[in-house]
1. Order 223-231, 200-208 from most to least packed using the mean count of other Cβ atoms within 10 Å.
2. What distance in nm separates the two pseudo spin-label positions at residue 86 and residue 187, each 7 Å out from Cα along the beta-carbon direction?
3. I need the Kirkwood Rh of region 112-171: take the reciprocal of the average 1/r across all distinct C-alpha pairs and report it in angstrom.
4. Let a ≥ b ≥ c be the square roots of the eigenvalues of the Cα gyration tensor of region 140-242; is it rounded (a/c under 1.5), or, if not, prolate (a/b larger than b/c) or oblate?
5. Could you grab the Rg to Rh ratio for region 26-170? Cα atoms only, Kirkwood for Rh.
6. Taking amide hydrogens as modeled 1.01 Å from N in the peptide plane, which residues meet the under 5 Å criterion relative to residue 64, leaving out close sequence neighbours?
7. Take the alpha carbon atoms of region 18-33, find their center, do the same for region 188-230, and report the distance between the two centers in whole angstrom.
8. Residue-wise, which Karplus ³J(HN,Hα) couplings in Hz belong to region 199-209, taking 6.51 cos²θ - 1.76 cosθ + 1.60, θ = phi - 60°, and x for glycine or proline?
Amino acid sequence: MRKLLLTSTLLLAGCMSAQKADNALQGYYEEQGNETFYKGFSFDGNGKVVGGMSNGYYFTRNDSLVVFPDKSIFIFKIKKDKLIGVSDWVEKGIWTRKKDNSEVNNRKNPEEARKRAALLAEFYDKTKKWSELDALVSDDLLKTNEDFCNRGLPRACLTTFGIKMVKYTPDLLGDPDKIKAKKLKPHPELIQLSQRIVSLGETEGYNVLGSYYLILGLQDKAFETWTEGENHGDAASMLSKGFIELGKSMDEGASSHKNNTKRKKK
C-alpha cells in the first residue's frame, strides 16, 4: 500500500512538472508553403518573439506553444523541429526550424525566464475565455489586467492601456474627429502607464503613447514620442511614424496635383 501511494505521488509530481511553463524555445522557424500571413517566427530563448510582424511574447507547456502577438493569440503544437498551427491565423500552417544568421539567444537567467513564462501562462489561463469585445465592457477583465501589470507583465499593461484609453477618450469608438475638436489634455494615468510599460523592458510603451497623442490631435507630441521610441529600437514606433509621414506626403501630392489641374483649366 505504501509503495502504491509513493508511486502515485511520484506520478502526480511528474504530471505537475510536465505542466510547468517555460520559454526556452529558441531559433528561427520558417513557414513551409503559403497557408498564413506569417512567414517566420524567431524565438529568443527568453520569452520574446523578435523581428518581422510577429513581435510578441510566448511560453511553452507540454507539447504546446502559445504566442501573444500584437492581437489575438497563436497556438501551435510542437513536434520535434516543427510547429503546427492549430488556432486562428496560423491554422494549417507548418513552420520548420532553420539556421538563420539573425537568430538570437537572450537566455541569460533561466530562473527569471521561467518565472516570466509562468506569469504569462497564468495570465493566459485567466484571460483566454474573454473576447476583444469583453475588453470594452468587462470590469473583471480590466482588474485582471491591472493585477498582472502590477506583477510585472508587459502584455497586461498594454491591454490595460488600451482599455483605459477608450475609457478616458469619449468618441474614440464613435467619431474620432470630434476628439481633436475637444482639445482634451492627455490623461496622466495613461502617461504613467506608458512609462510603466517601458520600465518593464517593453519599448512599445512609446508607440501606444504616441498613438494616444495623435488621437488627441497632438501630432508634434506624437512624433516626438515615436522618435524617442525609434531611438530605443522600437519597430512599432518607427512604423507608426512612417505611416503618418507617408499619409501626409500622399495628401500633399494629391493637393498639389489638384491645384495644378485647376491652373491648367484656367
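1. Order by mean packing, descending: 200-208, 223-231.
2. Going by the 7 Å Cα→Cβ label model, 3.8 nm.
3. 11.9 Å
4. oblate
5. A ratio of 0.99.
6. Under 5 Å from the amide H of residue 64: 78.
7. Taking the Cα centre of each part, region 18-33 and region 188-230 sit 31 Å apart.
8. Per-residue couplings from phi come out as 5, 8, x, 9, 5, 5, x, 5, 5, 5, 5 Hz.
The numbers here are math on the coordinates, done by the rules we state, and not lab data. Predicted model, so just to flag it, every value in this text is computed and none were measured. Note that each Cβ is placed from the backbone with ideal geometry, even for glycine, and that neighbours are counted across all protein chains shown.
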